[in-house]
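Reading through the C-alpha cells given below for one structure.
The values are calculated or read from the model by the stated rules, or taken from the named source; none is laboratory data. Given the structure is predicted, the values throughout are model-derived calculations rather than measurements. With ideal geometry, Cβ positions are generated from the backbone for all residues, glycine too; neighbour counts draw on all protein chains shown.
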Amino acid sequence: MEKIVIEGGRALRGEVPVSGSKNAGLPLLFATLLTSERCVVRGLPHVRDMTTSLRLLEQMGARVGDDGSNGMVVEARTLASTEAPYDLVKTMRASFLALGPLVARTGHARVSTPGGCAIGSRPVDIHLSGLERLGASIRQSHGYVEAEASRLQGAPVPLEFPSVGATENLMMAATLARGTTTIENAAREPEIIDLADTLIAMGATIDGAGTSTITIEGVRELGGFDHVVIPDRIEAGTLIIAAAITGGDVFVRGARPDHLQGLLPKLEEAGVSLEARDGGLAVSVPAGLKAVDLRTAPFPGFPTDLQAQFMALMTTARGRSVMIESIFENRFMHVQELVRMGADIKIDGNSAAVRGVSHLSGAQVMATDLRASVCLVLAGLVASNTTEVSRVYHLDRGYERLEEKLTALGACVRRVPAGSTP
C-alpha cells in the first residue's frame, strides 16, 4: 500500500501533456473481440484499468503484445473462453463491455456483474434490455450474466437513460447483427464517437455517433484496425483545475475545447482565464476565484467525473456555490475528507453547498474512489502544510504519472509507502 504526500502552496507553471483517454481506450480494447484480425490501439495510458483489460483479453485467448511504437496489439483469432470472470471484472466496471462483442461474434457470453468505484449502483439493466431487443436470451445467476443468440437481429433500441457503457455495448453488438439497429437516447460523449470511428474503420456502417440517435447496419464480419485514442478529457479537466486552484499559469497540451463543453464555461464564470492555442489550452487566474453553481449531466453537460475536482476548486472561492449531482447517488464521499482539511460543505440529498474559506489545511485523508482521490490531491496542492492521501490505488486506475506531471509544473508531490513518515 502507498500514499501520496503533498506540500501545498505552490502555484503550478509550465506545460503538461494529456495522456490518451482511459474511457475511450477501454471500449476499443473490447472491440477487438469482434474480429479475428490484428488490431492496434495507440496512445493507451499506462493505468491499472488497461492492465486489467489486457489480462482479461489474454485469458479469453487473445494474443496481446506491444508493437514497440506506442501501440498495443490484440489478435483474437480464436477465443478459448467467452467468460469474463469475477476475479477480474470485480475491479473494473468497463470489463462488462465484453458482453456485447462476445455474444455478437460467438453467440455466447458469460460475464460477471461488474465492480469498480463505490459511487452508486450503476445497474446493468440498460445493457441487458438492449441486448434482449436484439434477440439475445439473457439469464442471471450466481453473480453472472449469460447471453446467447445464434445471431443478433437489428431492432430499435430506446434507452431509458443515455448510458455511455450501454451505448458502447449495444453499438458493438449491433455491428454484427442482421439488419438495422437504431439506438435512441444514445450517449453523445466524445468516447462514443471515437469508438464509432474505430468500428467504421473495421468495416461497420454507423451513422449518427455524437447525436442522440445512432443507426448501425449490421455486417457479416469485421476486420482489424489501427487507431490512436483521443486525449483524456477528464485528465485534461483535472489538470486545468489543478492550474486554477493554485493560481498558476499552465499550458495543457492535448486539452480539446470541444470535449470540455460542460466544464470550460463554468471555469470562466469562476474567474479562470482560458485561451485556446494550437494543440491545447492555456490556463491562468488573473483575479482570484468566485463561487459558481453547477449540475452534473450527460455530455455535453457538466461531467460527473469532474464534479469532485470542481468542488475542490470551490472550497477556496469567494462566496457560496451549490453543486447538484444528478448521475450517481454516492458521489459525495470526498466531502467528509475535504471537511477534514477545513472546507465548509453541507450535503442535502444530491446537492452540496460549498462556502469558500480563506485557506485549507493539510491533513491525513483517504480516497474512496477514482475521482475523489484526485480531488484530494488537488486540495492538497493549495492547502497549507502537508497533506497525506491514502488508498491511492484508486488513483492508479485512471491517471497516468500524475505525480510526475504535477512535479514537473512545480508541485511538491511524492508517493511513499503507506507506513512511512513524510
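In this structure, does A372 turn out to be over 25 Å from the mean Cα position of the chain (by Cα) and among the aliphatic types (A, V, I, L, M)?
Values: over 25 Å from the mean Cα position of the chain (by Cα): no; among the aliphatic types (A, V, I, L, M): yes.
Taking the combined requirement at face value, the residue does not satisfy it.
Filter region 399-422 down to the residues that are part of a helix (DSSP H, G or I) and charged (D, E, K, R) and list them by number.
The answer is E403, E404, K405.
Among the residues of region 136-159, are any among the hydrophobic types (A, V, I, L, M, F, W, C), within 14 Å of F30 (Cα to Cα) and at pLDDT 95 or above?
Checking region 136-159: not a single residue is among the hydrophobic types (A, V, I, L, M, F, W, C), within 14 Å of F30 (Cα to Cα) and at pLDDT 95 or above.
Could you list, in sequence order, the residues of region 26-57 that are farther than 18 Å from R93 by Cα and among the charged types (D, E, K, R)?
E37, R38, R42, listed by residue number.
T181 - would you say it is at pLDDT 95 or above, of a type outside the set (A, V, I, L, M) and surrounded by 24 or more Cβ atoms within 10 Å (Cβ to Cβ)?
Spelling it out, T181 is indeed at pLDDT 95 or above, of a type outside the set (A, V, I, L, M) and surrounded by 24 or more Cβ atoms within 10 Å (Cβ to Cβ).
Quick one: which residue in V374, V357, V413 is touching a residue at least 40 places away in the same chain (Cβ under 8 Å), over 26 Å from L260 (Cα atoms) and surrounded by 20 or more Cβ atoms within 10 Å (Cβ to Cβ)?
Only one candidate qualifies: V413.
Quick one: in region 281-307, of everything that is among the polar types (S, T, N, Q) and within 14 Å of the chain's Cα centre (by Cα), which residue is surrounded by the fewest Cβ atoms within 10 Å (Cβ to Cβ)?
In this case the residue turns out to be T304.
Name every residue in region 308-326 that is hydrophobic (A, V, I, L, M, F, W, C), without any contact (Cβ under 8 Å) to a residue 40 or more places away in the chain and surrounded by 20 or more Cβ atoms within 10 Å (Cβ to Cβ), in order of residue number.
M323
Which one of the conditions (1) under 21 Å from the mean Cα position of the chain (by Cα); (2) over 21 Å from D226 (Cβ atoms); (3) among the hydroxyl-bearing types (S, T, Y) does S19 fail to meet, given that it meets all the rest?
Here S19 meets the rest and fails (2).
Where in region 125-203 are the strands (runs of 3 or more DSSP E), entirely inside, with at least 1 residues that are closer than 13 Å to T215 by Cα and among the charged types (D, E, K, R)?
Here the list reads 180-184.
How many residues are in contact (Cβ under 8 Å) with a residue 40 or more places away in the chain and surrounded by fewer than 24 Cβ atoms within 10 Å (Cβ to Cβ) when one looks only at region 202-216?
Adding up the residues that qualify gives 2.
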